[in-house]
Structure formats: C-alpha cells, structure tokens
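Let me begin by presenting the structure, written as structure tokens, before commenting on it.
Every number here is computed from the coordinates shown, using simple stated rules; none is lab data. Worth saying up front: this structure is predicted, and the values here are computed from it rather than measured. Virtual Cβ from ideal backbone geometry, glycine too; neighbours counted across all protein chains shown.
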Amino acid sequence: MPRAVRRPRAGAGVLAALALGVPALAGCAGIGQPAPYDSVGINGLVIPTPSPDPEDFVGGVDNPWLPLEPGATWSYEVTDEGREIGAVETEVLEDPSVVAGLGATVVRTTTRIGRDAAEETRFYAQDEDGNVWLVGADGAVGSWRAGEDGAEAGLAMPADPRLGDGWLAYAAPGLPRASTTVEDQSRQMVQTREAGRNEADTATRNVYESGVGLVSVEDLDAGWVARRVSGPAD
C-alpha cells in the first residue's frame with residue numbers, strides 16, 4: 001500500500017507568510033534603472049533594487065493595498081480544516097526606524113499556534129510613486145537589512161498592481177528568495193501567490209482589500225488559513 005502523505009504543520013510558516021509581506025546599498029543601479037539580468041521587476045522598477053535613493057521616498061506608508069498607519073493593529077484567526085489552531089496580532093509601531101537612510105515603517109507580528117509563540121518585525125518604506133518596499137526583517141526567515149552584507153530591498157506592494165505582475169520580495173544572501181505574482185484582481189481586491197519565504201519553499205495565496213490591507217492568507221501546501229477578524233477599518 002502507498003504510504004500516506006503527511007501535510008506540513010502550520011507554525012513557523014504562518015508567521016513567515018502573515019507578517020505584513022518585502023540605503024547605502026552595494027552597486028550603482030537605482031530605482032527605474034535597467035534591471036540586472038537576474039532581477040524580476042515591473043513598471044520599470046529594479047527588483048530587488050541595490051540602491052534605493054532616500055530622496056525618492058516619502059514618510060509613512062499609505063498605499064491603499066497595504067496601508068500602515070502608525071499605531072494601527074490587526075488580528076487574524078488561524079484555522080486548519082475548519083478548526084481554530086491559533087491567532088496572529090500585527091501592530092504598526094509609532095516610531096520609524098532608519099534602514100539604509102530611509103525612515104522605515106516598523107511592523108511587528110506575533111503568531112501563536114497552540115502553546116507556541118513567535119515574533120517577526122519587518123521594515124517598509126514607500127517611494128514617491130506609491131510603491132511599498134520591504135527593506136529589512138527580523139524573525140521567521142532570518143534577519144537582514146537592505147544595504148548590509150549584500151541584502152537588497154524587494155517590493156512589498158506596487159502602487160498599481162496588475163494581473164500577471166511578478167516581482168521579488170527581497171534578496172538576502174543565505175535566505176530563501178521569495179517571489180510574488182498577482183493572480184487575480186478587481187477594483188477592490190488583489191490576490192497574490194507568494195512562494196519561497198521559508199526553507200520548505202511553500203506557497204501562500206494572499207488577498208488584499210483596497211483601503212483595508214491584508215485580509216486573508218491561505219497556505220497552499222499545509223492547508224491552514226488565516227482570516228482577518230479586526231483592524232483599523234472596522
């Protein structure tokens with residue numbers, strides 16, 4: 001008889017997927033310059049970018065698909081086959097953090113699965129065109145900062161996501177490369193598929209609502225689902 005296939009457990013993968021998903025950098029190419037041959041980019045952006053210029057960025061993140069107002073909090077319920085297995089709490093910290101010369105918005109996510117808890121912090125910056133960049137992270141997939149030890153900033157959310165767009169979430173030596181593809185879109189909703197954020201190279205389907213942000217995450221391998229139950233728009 002064939003052996004039963006065991007589904008991967010939820011847990012660290014929930015944290016890696018749910019953290020709201022993304023300098024004096026090495027190199028000389030900047031945003032809008034021709035991309036290196038191994039980059040994946042859209043709208044003429046270099047992704048990952050080796051040299052974001054602080055003059056091209058604004059204070060705060062107000063992209064309607066990923067609004068990050070300081071002090072805002074979100075809660076998500078995590079279920080597996082309809083059974084509640086945990087919860088996720090996300091908070092935008094009041095004070096920015098300087099990453100590679102940018103005033104980065106700091107987002108802290110705490111995930112609890114059963115008795116286990118884990119925390120991840122991510123750093124975001126928005127350029128003057130409204131694109132949101134992931135410029136650093138601490139936690140589930142390791143720690144990195146754009147411009148340090150060869151790490152490069154990736155795109156968290158474009159200003160104008162379009163069906164079929166694809167990009168890299170970041171590039172950090174020693175960490176899995178993460179890619180994002182827009183697989184569905186309407187005026188009020190964007191659905192993306194993200195792959196490679198952890199060692200297992202699992203994929204998730206994320207749904208964003210305009211003016212609200214991330215509303216659900218489904219792990220396409222492990223099967224768990226996290227759904228937003230509260231947030232600033234309520």
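State the three equivalent ellipsoid semi-axes of segment 122-234, derived from the C-alpha gyration tensor as the square roots of 5 times its eigenvalues, in descending order and whole Å. Display every interim value, and only then the final one.
Values: eigenvalues 100, 63, 38 Å².
Each semi-axis is the square root of five times an eigenvalue, giving 22, 18, 14 Å.
Relative contact order for segment 118-234 using alpha-carbon pairs under 8 Å, separation at least 6, rounded to a whole percent? Mind showing how you got there, number by number?
Values: 250 pairs, mean separation 15.7, N = 117.
That works out to 13 percent.
Using a cut-off of 9 Å between beta-carbons, work out the net charge of the residues near VAL215 (Lys and Arg +1, Asp and Glu -1, VAL215 not included). Please list the in-between numbers first.
Working: positive: ARG227, ARG228; negative: GLU209.
Result for the local shell: +1.
Can you give me the C-alpha center-to-center distance between segment 59-87 and segment 205-234, rounded to a whole angstrom?
If you average the Cα positions of each part, the centres end up 7 Å apart.
What ³J(HN,Hα) values, in whole Hz, does the Karplus curve 6.51 cos²θ - 1.76 cosθ + 1.60 give for segment 226-234 when θ = phi - 60°, with x put for Gly and Pro?
10, 10, 5, 10, 7, x, x, 7, 6
Please state, rounded to one decimal and in Å, the Kirkwood hydrodynamic radius that segment 161-217 gives when every pair of distinct Cα atoms enters the mean of 1/r. Please report the intermediate quantities before stating the final value.
Numbers: mean 1/r = 0.0840 Å⁻¹.
Final number for the Kirkwood radius of segment 161-217 is 11.9 Å.
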